[in-house]
Amino acid sequence: METFINQLVYFGFFQSLFLLLVFLFSKKLRKSINGYIAFLIFSLTIGLIGRIINISEVFGTDFRFIAFSEFATLFFGATIYLFTRSSLNGKSFVTKDLRHFIPGVVYIIFVVFVFILPSNEVIGARANSGELQRTITLFMGTALAFNITYWLMSLNIFIQFQKKLKNELSYSVQSRFFTNFLVAIGICLLSWTTLYFLSIFGDQMIERNARQFIWLGITFIILLITYYGIRSPELYQIAPLIKPKKYAQSKLSNADLDVLKSQLEVIMEEKKPFLNNKLLKSELAEMLGVSNPEMARLLNEKVGMNFFEYVNYHRIKEFVSLAKTDKAKSLTFFALAQEAGFNSKTTFNKSFRQLMGSSPKEYLSNNSVE
């Protein structure tokens, strides 16, 4: 088992080093890859160096070198949060963001003065008195609390982003990557937390021995996001899609909203803007001659749907109409749905079931058209 773990460490180290070099020497990739990914890889490389030195015994068997692997511990959470924020909210780096890394720097200084600089005699005395174990327990508890906090902040950004999507876009955006990414990080942190409390109330070596597996798990997750950052950088460039045009605010009376609702229905029936499978709320608002906030108010107060639901409601009506034509005989359900403006089979099926109370096949069977 130890040999297998060591091989994973070597693999992770050379992968992180390779990706870091690719990032440094490719101008094209530097422009397309999120800069926070590069910092994550840099942190991983530093952390893995400590493990490489320790297991290779280049400088002997001095346990102090393994402490280098802890240098990246408090950088994970903050960088994952900033990476998620920049990808989903379009927040670019500003100098004040450096404050998120202050705890990580303090953590490194702590490691240096507590675990690296003291002599073997001092470390031995601390171990015998139990002080060393108490320090490690406090040390790991702080790291866990810090990283979990930032993970929760990242999760909140993602949840708010999902809500914003349905208020601005009429189509599905491939955000499954971030779902999987945050779930994977959450599983690692949950496992680490469980082992941490088991070590407090049981065998103190449990968490210490298992930590390397969790650490390697996080390492490979981050290497994976870097790989996808190189292969498909558009996965991280979602924020620009949901930046609506800015309009001057104006007040509309209840009567005004009733008139606009009627005008909106005429537009949807005659011009069929929903056939554009990437229709934005700002585009529909411009067609109606109102601001983006006014469109949101109109949909919320007079229609009772968000933008995503409203547009897909008209697409489903169009689908049902198309299903009655001769053209439907030569097309699949999803091909018809695409004709009606849908760009995702999953979105079509889910929206249809929510609105009609059954699947497209069941609905058309129960309402058969000659």
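The values are calculated or read from the model by the stated rules, or taken from the named source; none is laboratory data. Computed from a predicted model, the values in this text were never measured in an experiment. Virtual Cβ from ideal backbone geometry, glycine too; neighbours counted across all protein chains shown. Ligands, DNA and RNA are excluded from the accessible area calculation, which covers all protein heavy atoms including side chains. Shrake-Rupley method; radii C 1.70, N 1.55, O 1.52, S 1.80 Å.
In table form, for the structure just shown:
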{"read-out": "Number of positions in the range 157-180 that are open to solvent by 50 Å² or more (accessible area, probe 1.4 Å) and either assigned to a helix (DSSP H, G or I) or modelled with pLDDT of 85 or more (or both)", "value": "10"}
{"read-out": "Of the criteria (1) assigned to a helix (DSSP H, G or I); (2) open to solvent by less than 60 Å² (accessible area, probe 1.4 Å), which one Leu252 fails", "value": "(1)"}
{"read-out": "Qualifying residue in the range 81-92 (condition: open to solvent by less than 60 Å² (accessible area, probe 1.4 Å), basic (Lys, Arg) and in a helix (DSSP H, G or I))", "value": "yes"}
{"read-out": "Test for Val183: is it surrounded by fewer than 17 Cβ atoms within 10 Å (Cβ to Cβ) and closer than 30 Å to Lys350 by Cβ", "value": "yes"}
{"read-out": "Checklist (1) loosely packed, with under 14 Cβ neighbours inside 10 Å; (2) over 27 Å from Gln162 (Cα atoms) applied to Gln263, failing item", "value": "(1)"}
{"read-out": "Condition check for Phe113: closer than 22 Å to Ser43 by Cα, in contact (Cβ under 8 Å) with a residue 12 or more places away in the chain and hydrophobic (A, V, I, L, M, F, W, C)", "value": "no"}
{"read-out": "Extreme residue, most open to solvent (accessible area, probe 1.4 Å), among residues of the range 104-142 that are assigned to a loop (DSSP other than H, G, I, E, B) and within 19 Å of Gly50 (Cα to Cα)", "value": "Leu117"}
{"read-out": "Some residue of the range 55-72 being on the phi < 0 side of the Ramachandran plot and under 22 Å from the mean Cα position of the chain (by Cα)", "value": "yes"}
{"read-out": "Among the residues listed as Phe71, Phe11, the single one being more than 24 Å from Ile108 (Cβ to Cβ) and modelled with pLDDT of 75 or more", "value": "Phe11"}
{"read-out": "Scan of the range 329-355 for residues that are of a type in the set (A, V, I, L, M, F, W, C) and either modelled with pLDDT under 85 or farther than 18 Å from Phe308 by Cα (or both), ordered by number", "value": "Leu331, Phe333, Phe334, Ala335, Leu336"}
{"read-out": "Subset of the range 42-86 (residues that are farther than 23 Å from Phe18 by Cα, touching a residue at least 60 places away in the same chain (Cβ under 8 Å) and among the polar types (S, T, N, Q))", "value": "Thr84, Ser86"}
{"read-out": "Failed condition for Phe39, given (1) farther than 21 Å from Trp192 by Cα; (2) in contact (Cβ under 8 Å) with a residue 60 or more places away in the chain", "value": "(2)"}
{"read-out": "Single residue of the range 266-293 satisfying the filter (in contact with an Asp or Glu (Cβ under 8 Å, 6 or more places away or on another chain) and of a type in the set (Gly, Ala, Ser)) that is nearest to Asn167 (Cα to Cα)", "value": "Ser282"}
{"read-out": "Residue under evaluation Ser154, criteria (1) among the small types (Gly, Ala, Ser); (2) closer than 23 Å to Tyr81 by Cα; (3) surrounded by fewer than 16 Cβ atoms within 10 Å (Cβ to Cβ), criterion not met", "value": "(3)"}
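Residue-wise test of (1) among the aromatic types (Phe, Trp, Tyr); (2) at pLDDT below 85.
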{"position": "Tyr247", "(1), (2)": "yes, yes"}
{"position": "Asn254", "(1), (2)": "no, no"}
{"position": "Lys271", "(1), (2)": "no, no"}
{"position": "Phe274", "(1), (2)": "yes, no"}
{"position": "Leu299", "(1), (2)": "no, no"}
{"position": "Lys302", "(1), (2)": "no, no"}
{"position": "Asp326", "(1), (2)": "no, yes"}
